[in-house]
1. So the check is Cβ under 6 Å with 6+ separation or different chains; which pairs have a first residue in the range 196-215 that's in the same structural domain as M305 (by TED's automatic domain parsing) and a second one that's in a strand (DSSP E or B) and among the basic types (K, R)?
2. Just to be sure before I move on: is E78 of a type in the set (D, E, K, R) and in contact with a helix residue (DSSP H, G or I) (Cβ under 9 Å, 6 or more places away or on another chain) in the structure I sent?
3. State all residues of the range 44-70 that are modelled with pLDDT of 90 or more, buried (at least 18 other Cβ atoms within 10 Å of the Cβ) and not aliphatic (A, V, I, L, M); if no residue qualifies, say none.
4. Given the criteria within 26 Å of R100 (Cβ to Cβ) and touching a Pro at 6+ places or on another chain (Cβ under 6 Å), does Q154 qualify?
5. Here is a list: L42, L50, L76. Which entry is in the same structural domain as L118 (by TED's automatic domain parsing), of a type in the set (A, V, I, L, M) and within 30 Å of V194 (Cβ to Cβ)?
6. Within the range 284-303, is even one residue within 11 Å of the ligand (Cβ to nearest atom), buried (at least 19 other Cβ atoms within 10 Å of the Cβ) and over 19 Å from the mean Cα position of the chain (by Cα)?
7. Mind listing whichever residues of the range 132-158 are in a loop (DSSP other than H, G, I, E, B) and surrounded by fewer than 17 Cβ atoms within 10 Å (Cβ to Cβ)?
8. Does E35 qualify as being part of a helix (DSSP H, G or I) and surrounded by 14 or more Cβ atoms within 10 Å (Cβ to Cβ)?
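The values are calculated or read from the model by the stated rules, or taken from the named source; none is laboratory data. All values derive from a computational prediction rather than experimental measurement. Cβ placement follows ideal geometry from the backbone for every residue including glycine, while neighbour counts extend to all protein chains displayed.
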Amino acid sequence: MTSIAALAALLSLPLLAWAAPARPAHAPSPYAGGEARPVKSLSAAEIAALTSGAGHGFAKAAELNGYPGPTHVLELAERLRLDRPQREATMRLMAEHKARARQIGAELIAAEAELDSLFARKQADARRVEAATQRVGLLQARLRAEHLNTHLAQTTLLTGEQVRRYAVLRGYRPVAAGAKGHSHEHAQDDAIGVPGDRRRVSRTITVDMNDRMRFVPSSVSVRQGETIRFVVKNSGQLKHEFVLGTDAELKEHYELMKKFPEMEHDEPNMVTLAPGRTGEVVWRFTKAGRVDFACLQPGHYEGGMKGRVAVAAQKGGARP
Ligand SMILES: [Cu+2]
């Protein structure tokens, strides 16, 4: 009874008195600082992304419904077993897509600047605002379509098997009926293992990255079937990354990074870290043997920023 009485007393207090932290009478607007931007509605990062033709989630409807995009297909080229014509066609698609996306991105920035200047010059009226926002909306739609259509085109370049494999390698769970079993079966034949389940981590291994282009430790031992949580720390002053792969994959990926330096670069088997940052890769090692890791930042790979994971065979053969 006493606790109920205490609760009742508590509830009768004016809630706001303790729910709201002390704040200045005139809190600054969350937009404060934005008034100094050249285009008020776009941040520097948004302008950079539009200028470089970056995806920025425009293609989610395709990507997450089983339509792969060229960036990640190229990153996974080795593991998807792309043949030479597929590789070449994908490179072409990527280059053409980037060119179009950059063009539309530039037009979109210009349209936002136009809208901005209506207000900056105090020349905004309902008619002009209507026209300027329509133009912005149209270009946003075009850009989104450009990304989505590129995923459509990419999918026609792949086999059904490669499309399924892509989903597994990207860490997506199978959604379609009948896909059950596939991810398992393909996961097993993957050379380096599969994205790990955070709830089933067997061990945590800490890896440090430094500006002497070294991983510490650079050699790690695990057992087949183990799910390892790599806690990766960048203790240098440069950007570094930890990417798991076969030696051949890492080499190829590094060449790709040199060719498309602005490439978005994010997969379950890697983490890219700014100086001082810490990140994680959760990975399940399904095959005995050797898995390599490397930093694919320009010059780092060649500078010897590499390491290896020795995967010891599990007694009695592979357990699923
Ligand atoms: Cu590095």
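1. What qualifies is G196/R284; V201/R229; T204/R229; D208/K233.
2. yes
3. Residues satisfying the conditions are E63, G66, Y67, P68, G69, P70.
4. Yes; evaluated as a whole, the condition is true for this residue.
5. Criteria check complete, one pass: L76.
6. yes
7. None - no residue of the range 132-158 is in a loop (DSSP other than H, G, I, E, B) and surrounded by fewer than 17 Cβ atoms within 10 Å (Cβ to Cβ), so the list stays empty.
8. no
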